[in-house]
1. Condition (residue is closer than 25 Å to Ala380 by Cβ and in contact with a helix residue (DSSP H, G or I) (Cβ under 8 Å, 6 or more places away or on another chain)) applied to segment 267-276: is it met by at least one residue?
2. Checking Ala487 against (1) over 27 Å from Val327 (Cα atoms); (2) of a type in the set (A, V, I, L, M, F, W, C); (3) part of a loop (DSSP other than H, G, I, E, B): exactly one of these is not met. Which one?
3. Which residues, taken from segment 183-192, are assigned to a strand (DSSP E or B) and either out of contact with any Leu (no Cβ under 8 Å at 6 or more places or on another chain) or among the β-branched types (Val, Ile, Thr) (or both)?
4. Quick one: would you say Val197 is assigned to a strand (DSSP E or B) and closer than 19 Å to Glu439 by Cα?
5. Tell me whether segment 337-351 contains one or more residues that are acidic (Asp, Glu) and under 29 Å from the mean Cα position of the chain (by Cα).
6. If I go through segment 103-144 residue by residue, how many of them are of a type outside the set (Phe, Trp, Tyr) and assigned to a loop (DSSP other than H, G, I, E, B)?
7. Restricted to segment 107-138, and to residues that are in contact (Cβ under 8 Å) with a residue 40 or more places away in the chain and acidic (Asp, Glu), which residue is surrounded by the fewest Cβ atoms within 10 Å (Cβ to Cβ)?
8. Where in segment 370-464 are the strands (runs of 3 or more DSSP E), entirely inside, with at least 2 residues that are within 17 Å of Val197 (Cβ to Cβ) and assigned by TED's automatic domain parsing to the domain that holds Glu114?
Amino acid sequence: MDLPTVDLPALPRLLAAPAPGWVETTDVVVVGSGVAGLTAALHLREAGLHVTVVTKVDIEEGSTRWAQGGIAAVLDPHDTPAAHASDTEIAGVGLCDPAAVRVLVEEGPTRLRELMRIGAEFDRNPDGSLMLTREGGHRADRIVHAGGDATGAEVQRALHAAVRRDPWIRLVEHALVLDLLRAPGDGPDGLGPACGVTLHVLGEGSEDGVGAILGRAVVLATGGMGQIFAATTNPAVSTGDGVALALRAGAAVTDVEFVQFHPTALIVPEHARTPGAGHAQQPLVSEALRGEGAYLVDGDGKRFMVGQHELAELAPRDVVAKGIHRVLLATGADHVFLDARHLGGEFLARRFPTIVASCLAIGVDPATDLIPVAPAAHYASGGVRTDLHGRTSIPGLYACGEVACTGVHGANRLASNSLLEGLVFSRRIADDLATGLPEQAKPAGTGAWTGGEGWVLPATGTPALQRAMTRGAGVLRSAATLAETAATLGALGDSRGTPRTPDWEATNLLTVASTLVAAAYAREETRGCHWREDFPVADERWHGHLVGSIGAQGRLTREWEETR
């Protein structure tokens, strides 16, 4: 297939950075401290391997702790893995990998029970049984949750405690991973398998001090890339670092055009924002609230999802996000409302304490007031391409969690499948690595190992990038808006910054944003959470995947892979 193309900037194959000034060695380097990274670390330790976990923040931070809804798994005897698979594939609009979905739904319950054995405590009924609920796209009650709407925080707590108990898991916090180290080999540029990473640890030496951690394998579990947009539910650290690192190293990525916009992020008025925070992160109003009976209304108090889908407010997220946007386009408003008043203040405070607290912080009482909401970038369904064991296209480099594209989500992630995916595929990575690791290889004597030439984008360009992406590559897309976005990215790509954390992150944002725009421009159809106004229906010619990488001179390359 001849793929439509749009002009985009050349991207760096390496970040500008000094040569590593210090070196550590471990068996496996795990980059990321969310559910995927910490679960992988624990299972790797069970296999007797030494593990170093690298994270940009404190181990308690990251995206996992913000997950409200829960974990989907078949625990009800009246439910079946086949039903869970069906719901997952319906949400994915034909692009899910059936084998990956089967792995998810069949192994998921066991992985969830393992998490409970580690110490995670989920909400239970008076008889002691797990309390199950449902969310958008599910046709059965199969969502476990903790603390009402604080599931991610409980999962993070339990995993954090387990990791802290193991002296053979080394934690490197406040560290930004820069580039992948590769051994000599017969691949492009004479490079072979992954053998470590370069990184900058805040507070270690000078501001631009860089080190290296060598490992016999590297596992990416860096989370999402929501910060490429001006409005996102992702934390400020979600700058697409893992996807960008993999692209620079030569790995393949796929399905990056499918970014899920959560339909109901809380609209925080300007006066209630933290000074200087801008659009850093918008609180999530979990669809579990809609699962308990809250419904969407427009400014006139009229429900607008009834009649648009058989599940109304509980339709898949892309359907609800599009329904809200139609209202916003028609009315000129910047938000709609969730009406949960009929659920009662006592119930809301008990079941959704996090949401209630976020609302009260901006002067909204859900028991008596309508909750202002609008879509915001929430989850990347695509990412670094992996097989069923988490292996990427680079030997020795693995990926799991939101940074990865396992094939589970297709064109749109089903609610509460994300934490489950992290649990399932991190275990599969550990099992694969436990079968035998190569000896530690010495990095090739070029590039990141020696502080070879690269470049970075100045962080001053980040706000313009985020505005352009939201305006032209967000929920609503067309050839015209994507071309405008590409022009902005191209202009930004002509600038050069300084090797330091804000500029490294800005360069990762430019890399991921450019890759997304290229794929979104090429896919001339509407499918899942990719919505093209100029191609408003799904087209069977696009029943497949766009596979991207960075080629010679830093130019993006795209290949079409048909799926039937």
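The values are calculated or read from the model by the stated rules, or taken from the named source; none is laboratory data. Model, not experiment: these values are computed from the prediction. Ideal geometry is used to build each Cβ from the backbone, glycine not excepted, and the neighbour counts take in all protein chains shown.
1. Checked segment 267-276: no residue is closer than 25 Å to Ala380 by Cβ and in contact with a helix residue (DSSP H, G or I) (Cβ under 8 Å, 6 or more places away or on another chain).
2. (3)
3. Taking segment 183-192 and keeping what is assigned to a strand (DSSP E or B), we get 183-184, 191-192.
Once the filter is applied, which keeps residues that are assigned to a strand (DSSP E or B) and either out of contact with any Leu (no Cβ under 8 Å at 6 or more places or on another chain) or among the β-branched types (Val, Ile, Thr) (or both), segment 183-192 yields Leu191, Gly192.
4. It is true that Val197 is assigned to a strand (DSSP E or B) and closer than 19 Å to Glu439 by Cα.
5. Checked against the condition, which is being acidic (Asp, Glu) and under 29 Å from the mean Cα position of the chain (by Cα), segment 337-351 yields at least one hit.
6. 19
7. Glu114
8. 397-399
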